[in-house]
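The values are calculated or read from the model by the stated rules, or taken from the named source; none is laboratory data. Just so you know, these numbers come straight off a predicted model, no measurement behind them. Here the Cβ positions follow ideal geometry from the backbone for every residue, glycine too, while neighbour counts run over all protein chains shown. Accessible surface is based on the protein model in full, side chains and every heavy atom, while ligands, DNA and RNA are left aside. Shrake-Rupley method; radii C 1.70, N 1.55, O 1.52, S 1.80 Å.
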Amino acid sequence: MTWHLRLGPDQLAIYQALPDHGRADLAVCLLDCLADPLRASMPYGADDGVMRTIARGHIQAVVLVGEKTGTVTVVQVTYAG
């Protein structure tokens, strides 16, 4: 399946404001997630296969995996650096 990324204006603004290493970490997480969302992420709370967490370095993001629509939607980005 080909997965599509959805990144709203708020999350895009957060991404653009990150330092270079933060943007790189988030980009790697998102590319891995688009290749295989369930393998590249961990459950966010209860494992429903929909709301997932991706993380690398100082970055963590919460994504929604839409199996039927083939989308990975970023709903939250956290930078701890």
Requested in this report: Could you please find all residues in the range 1-32 being open to solvent by less than 60 Å² (accessible area, probe 1.4 Å) and within 15 Å of residue 57 (Cβ to Cβ)?
Outcome: 18, 19, 22, 24, 25, 26, 27, 28, 29, 30
Query - Selected residue (only one of 43, 37 is open to solvent by less than 70 Å² (accessible area, probe 1.4 Å) and under 11 Å from the mean Cα position of the chain (by Cα)) - result: 37
Report task. Can you give me the number of residues within the range 46-81 that are open to solvent by less than 40 Å² (accessible area, probe 1.4 Å) and either under 12 Å from the mean Cα position of the chain (by Cα) or on the phi < 0 side of the Ramachandran plot (or both)? Result -> 14
